[in-house]
Amino acid sequence: MRENNPLRIGLIGFGCVGQGFYNIVEQQPGLNLAITRIAVKTPGKARPLPAECFTYHADELLADPDLDLLVEVIDDATEAFRLVSAALRQGRRVATANKAMLARHLPELVQLQAEFGGTLLYEAAVCGSIPVVRTLDQYFSHEPLRAVSGIFNGSSNYVLTRMSEEGSDYAVALAEAQALGFAETDPSLDMGAFDPRSKAVILAAHAYGVFLAVDEVLNLGIEGIAAADIAWAAAQGQKIKVVAGLYRLPGGGLTALVTPQLLGPESALYGVEREFNGVVIEAEFAGTQFLQGRGAGGHPTGSAVLADVLALRRGLRYAYAKRPTAPDAQLTHGLELEAYVRHPDAGVLREVLTWLELPPEALHTDAHGSFATGAVPVQQLWAWRQELRSLGVFVARQGEVRPVAVPAGAALATAELV
Ligand code: HSE
């Protein structure tokens, strides 16, 4: 790149994030950035710039040697992978916000950077404006972490806030989150906790050096939530939040899951509302830290893209420093959690009790109907996850995931053998 010329950027995608980034760059001419080409998919769509500003062939940007770097902010993960991997094969510098693509292809993308010398940064892919990828990758590059957990999805958090503060209907609150530009094109990715699961998988690579297989991480969402659940939580002085967590287990392994969780005011995440996200980092030596910020929206996410573009200009690369010491993943077997389970149909709920190995005494009744509480094997939640989702069963955890307690006799027998 010529020293005093602006950095020439090819922008692929001009939706909420692309427009947010464009607008931020326009407002700051002193940054010496120039978005010289923009690629979009659909001709004829109403856009805030004249049609001649766009090309409809992203491959033209890949073939353009005058572009200093590429910003990819489309929502099609398959096409994003094709474009980003092709750019990395050319040794280019790329910023992406595509969490679904990253969660599925991170090992290959890291390999392509090593092989061809390009660079990929993706702060905008996780928790919008919160600088959590770089914090984990750079600042905590060599500090053991006990846990990294938080609210990683703005849309579902917005819906939960609207339902609990205003008593809004789920569908109305979701429509608002969509209208405000927080939700994915397919909002079931937000409400079903697939989106925060992708973000947890990305953070695992930086916080622990682990490349988790995204489809093997348990994610339970809020599609089945009802006013009864929010009322029950409130009666305990708690709120329901969708919490994504990476936790070191006592034996040294790493577990990961994303589920609704009941939280009291003692939790830093209790006060994280609307589209805000929050991340709690529990570090071995630094202690606990909490980051909070807007997790979705054009300007907050565009701001993270800008941070990556400026970092690419000065040569930053992620370190992935914990790769050599990555712990094993233990995702479902040998783990349990305290669960709260509700479904409006008592017959369905009784059936769910058997799936989750909950005894009949786990069943309770309140003014809104029946629900169950008790220790549930994570393996059973995993085995029945599709049925739970399709039936609209609402499941939340109360507290952290833990190894299944070994019966006292069994522990003694093992100890004697040793
Ligand atoms: N749909 C995502 C969310 C956008 O609601 O958090 C930001 O990744």
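The values are calculated or read from the model by the stated rules, or taken from the named source; none is laboratory data. No experiment lies behind these values; they were computed from the predicted model shown. All Cβ positions, even for glycine, are placed from backbone atoms using ideal geometry, and neighbour counts span all protein chains on display. Just so you know, the surface numbers come from the protein's heavy atoms only, side chains and all, with ligands and any DNA or RNA stripped out. Shrake-Rupley method; radii C 1.70, N 1.55, O 1.52, S 1.80 Å.
Odds and ends about this structure:
- Qualifying residue in segment 370-382 (condition: modelled with pLDDT of 95 or more and part of a loop (DSSP other than H, G, I, E, B)): no
- Of the residues screened, residue 134 is not one that is of a type in the set (Lys, Arg), in a helix (DSSP H, G or I) and within 16 Å of the ligand (Cβ to nearest atom).
- Scan segment 150-165 for residues that are among the polar types (S, T, N, Q) and more than 16 Å from the ligand (Cβ to nearest atom) and the total you get is 1.
- Near pairs, Cβ below 6 angstrom, 6+ apart or cross-chain, from segment 332-344 (closer than 12 Å to residue 255 by Cα) to any residue that is open to solvent by 20 Å² or more (accessible area, probe 1.4 Å) and outside any loop (DSSP other than H, G, I, E, B): 332/379; 332/382; 333/379; 334/403; 336/375; 336/377
- Screening residue 82 against (1) buried (at least 18 other Cβ atoms within 10 Å of the Cβ); (2) within 22 Å of the chain's Cα centre (by Cα); (3) not in a loop (DSSP other than H, G, I, E, B) leaves a single unmet condition, (1).
- Pick from segment 137-146, criterion in a helix (DSSP H, G or I) and closer than 15 Å to residue 202 by Cα, ranking: most open to solvent (accessible area, probe 1.4 Å): 138
A quick yes/no check of all residues on (1) open to solvent by 70 Å² or more (accessible area, probe 1.4 Å); (2) hydrophobic (A, V, I, L, M, F, W, C):
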position: 317; (1), (2): yes, no
position: 320; (1), (2): no, no
position: 339; (1), (2): no, yes
position: 345; (1), (2): yes, no
position: 351; (1), (2): yes, no
